[in-house]
Amino acid sequence: MKKQKIKNIGINVKPPKNECEDKKCPFHGNLKPRGRIFTGVVLAKDAHRTATIEWSYSIPIPKYERSETRRTKVHAHNPSCINAEVGNIVRIAETRALSKTKNFVIIENLGKKKGFIEELAAREEATVEGEEKPEPKGESPKKEELVEEVKEEKEEEEPAKEAKAKEPEEEAKE
Ligand SMILES: [Zn+2]
């Protein structure tokens with residue numbers, strides 16, 4: 001295979017060492033990155049060269065003099081020459097819409113993020129525990145009791161509404 005020309009994408013990044021035939025590659029294909037640039041971690045990748053990138057940012061909350069950490073998740077194209085793996089820190093650039101939810105492309109792989117796989121596993125465990133806990137509490141007889149209580153409340157509310165409706169009429173007569 002003859003050596004491919006590596007395009008200058010206009011962003012100061014290290015071009016990938018590998019070559020690829022990917023049309024949606026900014027270095028070897030026809031994709032032009034433009035717009036915003038972010039750095040995040042690869043959360044997941046699929047067979048269609050799509051990777052989910054996540055990064056966090058903190059916003060100050062003046063009332064409590066603390067800051068809140070928020071996370072952003074986007075889908076990005078993972079060109080074959082870069083082929084970022086889960087847990088890699090990558091730089092992504094905005095580009096044209098590549099699919100319904102994909103309008104970013106990975107432009108640089110900055111290597112592994114230490115301890116990210118463990119962090120992911122811990123996060124999954126936390127969500128599974130959170131889902132399982134409420135199940136034993138909500139036993140079937142309790143649910144029925146709740147439904148009955150709701151019905152009773154509704155019956156009580158209805159006469160109150162009628163009473164409210166009558167009041168304006170009386171006022172009008174006066
Ligand atoms: Zn490429």
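Throughout, read-outs are computed from the coordinates displayed, never taken from laboratory work. Computed from a predicted structure; not experimentally measured. Neighbour counts are summed over all protein chains in view; Cβ atoms, including those assigned to glycine, are modelled from backbone coordinates with ideal geometry.
Report those strands (runs of 3 or more DSSP E) wholly inside segment 1-94 carrying at least 2 residues which are in contact (Cβ under 8 Å) with a residue 60 or more places away in the chain. Give the steps one after another, and end with the answer.
Numbers: elements: 37-45, 50-61, 66-77, 88-94.
Of the strands (runs of 3 or more DSSP E) lying wholly inside segment 1-94, those with at least 2 residues that are in contact (Cβ under 8 Å) with a residue 60 or more places away in the chain span 37-45, 88-94.
Which number in (1) of a type in the set (Ser, Thr, Tyr); (2) closer than 19 Å to GLY115 by Cα; (3) touching a His at 6+ places or on another chain (Cβ under 8 Å) marks the one condition that THR39 misses?
If we test THR39 against (1) of a type in the set (Ser, Thr, Tyr); (2) closer than 19 Å to GLY115 by Cα; (3) touching a His at 6+ places or on another chain (Cβ under 8 Å), just (3) comes out false.
Can you tell me which residue is surrounded by the fewest Cβ atoms within 10 Å (Cβ to Cβ) among those in segment 95-109 that are away from the ligand (no atom under 16 Å from the Cβ), in a loop (DSSP other than H, G, I, E, B) and touching a residue at least 40 places away in the same chain (Cβ under 8 Å)? Walk me through it before giving the result.
Of segment 95-109, the ones away from the ligand (no atom under 16 Å from the Cβ) are 96-97, 99-103.
After this cut, where a residue has to be in a loop (DSSP other than H, G, I, E, B) as well, the list is 96-97, 99-101.
After this cut, where a residue has to be touching a residue at least 40 places away in the same chain (Cβ under 8 Å) as well, the list is 96, 99.
Details: ARG96: 13, SER99: 10.
Looking at residues that are away from the ligand (no atom under 16 Å from the Cβ), in a loop (DSSP other than H, G, I, E, B) and touching a residue at least 40 places away in the same chain (Cβ under 8 Å), I get SER99.
Considering only residues that are touching a Pro at 6+ places or on another chain (Cβ under 6 Å) and not aliphatic (A, V, I, L, M), look in segment 52-87 and name the one that is nearest to the ligand (Cβ to nearest atom). Even if it seems obvious, please write down each step before you answer.
Step one: list which residues in segment 52-87 are touching a Pro at 6+ places or on another chain (Cβ under 6 Å), which gives 67, 81-82.
From what's left, not aliphatic (A, V, I, L, M): 67, 81.
On the way: SER67: 38, CYS81: 3 Å.
Among those that are touching a Pro at 6+ places or on another chain (Cβ under 6 Å) and not aliphatic (A, V, I, L, M), it is CYS81.
Quick check on my filter: what residues within segment 25-40 are in contact with a Pro (Cβ under 7 Å, 6 or more places away or on another chain) and near the ligand (Cβ under 9 Å from one of its atoms)?
Matches in segment 25-40: CYS25, PRO26, PHE27.
Which number in (1) within 21 Å of ASN12 (Cβ to Cβ); (2) within 16 Å of the ligand (Cβ to nearest atom) marks the one condition that ARG49 misses?
It is condition (1) that ARG49 fails.
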